[in-house]
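Visitor: One structure is given below, represented as structure tokens, and several questions about it will come after.
The values are calculated or read from the model by the stated rules, or taken from the named source; none is laboratory data. Just so you know, these numbers come straight off a predicted model, no measurement behind them. So basically every Cβ, Gly included, is an ideal-geometry build from the backbone, and we count neighbours across all protein chains shown. Areas reflect the complete protein model, heavy atoms only, side chains present, ligands, DNA and RNA absent. Shrake-Rupley method; radii C 1.70, N 1.55, O 1.52, S 1.80 Å.
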Amino acid sequence: MSSPGATSSPLGSLKPKRKTKKKHFVQQKVEVFRASDPVLSVLMWGVNHSINDLSQVPVPVMLLPDDFKASSKIKVINHLYNKENLPGQFKFKEYCPQVFRNLRERFGIEDQDYQVSLACSSPIKDEEGNCVGLLLISCDRTLVVKEISGEEVEEMHNILSEYHQHVVTCHGSTLLPQFLAMYRVTVESEDTYLLVMRNMFSHRLHIHRKYDLKGSPLSREASFKERVKELPTYKDADFRNNMQKVYVSEEEKEKIIDKLNRDTEFLVRMRIMDYSLLLGIHDAERAEREEEEEMESSYEEEEEENGLGVAVCSTSPHGIAGYMNSFKPMGPGEFDPYVDMYAIQSAVGAPRREVYFMGLIDVLTQYDTKKKAAHAARAVKHGAGAEISTVHPEQYAKRFKDFVAKIVA
């Protein structure tokens with residue numbers, strides 16, 4: 001498309017095609033709820049707009065190499081609509097829209113459900129997050145939105161084609177993060193890069209204990225500052241000190257190890273390391289006690305207010321978890337594998353009745369020059385034969401797999 005005021009020229013057809021699609025907003029179809037943070041407001045607006053746009057575009061028969069480089073941009077200047085909700089001017093960019101659309105489909109996520117999960121109510125900040133920058137959870141608790149760096153955007157582009165092929169090959173059965181979209185939000189000339197993933201934890205089952213595990217021989221343990229949080233993220237030394245184990249059936253253990261072998265082979269091929277096993281534990285017996293106490297408390301409060309003794313109903317989930325409304329209510333320790341894809345039930349006869357949520361996180365760290373330098377420095381300090389934290393991707397994968405095999409009982 002010619003820029004405004006440009007004259008037509010016979011040479012116009014010889015100009016190289018734009019790699020990105022750029023648009024100017026005309027009219028918003030659906031009002032997006034207000035978020036106090038302007039970046040969140042633009043994210044919600046952008047997700048709503050991009051999914052509406054994609055719904056008008058036929059699904060391609062197959063993805064092409066250019067789809068892994070494509071992007072869609074929109075720039076809004078001095079708009080006159082929805083002024084209370086959105087900043088005066090902003091930009092929204094979606095990376096590789098057709099690729100992520102295809103990934104969402106392979107992970108069993110409908111675009112309309114994804115849209116409702118992110119755009120109908122503001123994502124909430126995860127107060128327990130340990131990362132720098134934003135870490136958000138969608139209103140229905142099925143998605144995580146993580147702020148990433150420009151370098152991580154580049155790394156995502158580097159692995160996206162291979163990652164997509166890996167997801168195709170394993171039919172979406174993986175411990176890797178389920179990457180669902182990647183965006184850039186620009187407000188007041190500040191760029192914020194956001195990566196959307198499926199929440200590895202449950203949208204409804206409470207996590208009672210959480211670990212970030214690398215299988216490191218060094219003393220990784222939670223700091224005092226971390227320990228005083230409501231839900232601390234414990235580490236390797238804490239895991240060993242608590243004599244924690246993951247009690248699953250032989251069949252489930254075999255599935256975990258198979259997935260782990262495939263996933264670490266992919267990570268080694270991509271020269272990726274420093275990833276962790278995120279482990280969340282839901283204690284079903286504790287949840288039952290908590291639910292009984294909560295019901296008694298709700299009953300008493302309601303009885304005091306109106307003398308009727310009617311229990312308070314919780315808000316129904318929507319978005320990706322919305323279809324659950326048509327099913328019978330679930331109790332403590334029960335989950336639907338369609339939504340809680342990282343969940344594993346403890347084995348019959350295990351010491352405790354638990355549900356484990358296990359997945360690989362922080363998979364965008366490649367073994368680059370910086371890592372090689374750190375490896376060399378540690379080798380000098382500890383000796384070439386000493387076990388050290390920073391190792392080659394192949395060594396890291398082997399150590400990691402050996403560790404997981406030991407903790408899964």
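Visitor: Work out the FRET efficiency for residue 151 and residue 230 from their Cβ-Cβ distance, taking R0 = 41 Å, and round it to the nearest 0.05.
Guide: On the way: r = 32 Å, r/R0 = 0.78.
The computed FRET efficiency comes out at 0.80.
Visitor: Sorting 125, 93, 75 by accessible area (1.4 Å probe), largest first, what list results?
Guide: Working: 125 110, 93 30, 75 75 Å².
So, going from the largest accessible area down, we get 125, 75, 93.
Visitor: Taking Cα pairs under 8 Å and at least six residues apart, what relative contact order does region 164-226 come out at, in percent?
Guide: Values: 35 pairs, mean separation 13.0, N = 63.
Normalised by residue count, the contact order of region 164-226 is 21 percent.
Visitor: Once you have the Cα-Cα distance between residue 265 and residue 53, take 0.36 nm times their residue separation minus that, and quote the gain in nm to one decimal.
Guide: On the way: separation 212, 0.36 × 212 = 76.32 nm, distance 3.65 nm.
That works out to 72.7 nm of additional length.
Visitor: Can you give me the Kirkwood hydrodynamic radius for region 72-229, using every pair of distinct Cα atoms, in Å to one decimal? Provide the component values of the computation, followed by the final result.
Guide: Details: mean 1/r = 0.0562 Å⁻¹.
With all distinct Cα pairs of region 72-229 included, I get 17.8 Å.
Visitor: Of all the C-alpha pairs in region 97-177, what % are more than 22 Å from each other? Can you show the working numbers first?
Guide: Values: 1160 of 3240 pairs.
Everything past 22 Å amounts to 36 percent.
Visitor: In whole percent, what relative contact order does region 122-280 give with Cα contacts below 8 Å and a gap of six or more residues?
Guide: Values: 189 pairs, mean separation 34.3, N = 159.
Normalised by residue count, the contact order of region 122-280 is 22 percent.
Visitor: How much accessible area does residue 189 have with a 1.4 Å probe, in Å² rounded to the nearest 10?
Guide: Result for residue 189: roughly 110 Å² accessible.
Visitor: Between residue 392 and residue 105, what is the label-to-label distance in nm when each label sits 7 Å out along the Cα-to-Cβ direction?
Guide: Result: 4.0 nm between the two label points.
Visitor: With every protein chain present, what accessible area does residue 295 have (1.4 Å probe, heavy atoms only), rounded to the nearest 10 Å²?
Guide: About 120 Å², rounded to the nearest 10.
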